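Asks: Sharing a structure with you now.
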Amino acid sequence: MKLTKPQDTDNYLKALIYGAYGAGKTYLAATAVESVRFRDVLFLDFEAGTRSLARKEFDDIDIITLTQFTELAQVYEFLRRHVSLRDKTDDDSKCKLEDLNKMMGLSPKRRYRTVIVDSLTEIHKLALYHLQSINPDTTPLDADLPYAELRDWGRAAEGIRLLVRALRNLEAHVIIICAQQRAQDETGRFVYSPALSGKLSSEIQGFVDIVGLLKSSTDKEGKTKRRLYVAPAGNYDAKDRIHGDGVVYFENPTIPRILTGNNDKKEV
């Protein structure tokens, strides 16, 4: 138990960004590196989808590629210990932090303040594979795979809840990427939400400060434009605990602008 006042709470951003494949979610998350407030940045890649980061402005992002759900335990333990040592200035803490980084194959000088998780949808699938004893690295494509039982789905969902709670409690900025799913409501209208099973899609949104739907389009000149919708509407999920009711969407968003958005404008 810890007693705090509103003004004592940290300013770490906890965000969930979802959207269609190719909308630019990975690129948006990586813009955290643009601000010293978010550096250093650690990218946890579960989708092998970091091609969009192969540009000079993202050179300082460190990437850890994971292929199995069980690898998360080691990475989280590293992050938990890392942030507990990160801002300490005594020589003993500095040495422990450098040794910790080396054990993970990372630069001993890194001080991670931002963690990007790409993507929660893929982690959910890997959790289900783990419960079915399916190893995506070694299981033959022609194997007779078991059907996932209801209990498997429930246990996988609980694993995701535990993970997101743990990430939320880190003293760091946490940006979680998720795919998009759509379903028809009783009127036949399509409704968009993070691509997670059952109630998990809505429950996970309660763990973060911002839930944003990223959409992209191309103008007449062939230039890509992106909008991150953070105000809830009837046909998509979104929320914003940081800026209040003033912000509906961010035009061509970046992570630093999302954290410091102007509360007086409907468009930022």
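The values are calculated or read from the model by the stated rules, or taken from the named source; none is laboratory data. Just so you know, these numbers come straight off a predicted model, no measurement behind them. Here Cβ is always computed from backbone atoms with ideal geometry, including for glycine, and neighbour counts include all displayed protein chains.
Asks: Could you pull out every one of the helices (runs of 4 or more DSSP H) wholly within segment 1-105 that has 2 or more residues that are within 29 Å of Pro194 (Cα to Cα) and touching a strand residue (DSSP E or B) at 6+ places or on another chain (Cβ under 8 Å)?
Replies: Answer list for segment 1-105: 25-30, 71-86.
Asks: I've got another one for you. Considering only residues that are touching a Gly at 6+ places or on another chain (Cβ under 6 Å) and of a type in the set (A, V, I, L, M), look in segment 239-268 and name the one that is modelled with the lowest pLDDT.
Replies: The extreme case among them is Val268.
Asks: Among the residues of segment 202-225, is any among the hydrophobic types (A, V, I, L, M, F, W, C) and more than 15 Å from the chain's Cα centre (by Cα)?
Replies: No, there is no match, as no residue in segment 202-225 is among the hydrophobic types (A, V, I, L, M, F, W, C) and more than 15 Å from the chain's Cα centre (by Cα).
Asks: I'd like the residue in segment 228-238 that is surrounded by fewer than 16 Cβ atoms within 10 Å (Cβ to Cβ) and either of a type in the set (Asp, Glu) or assigned to a loop (DSSP other than H, G, I, E, B) (or both) and, out of all such residues, is modelled with the lowest pLDDT.
Replies: Restricting to residues being surrounded by fewer than 16 Cβ atoms within 10 Å (Cβ to Cβ) and either of a type in the set (Asp, Glu) or assigned to a loop (DSSP other than H, G, I, E, B) (or both), the top hit is Gly234.
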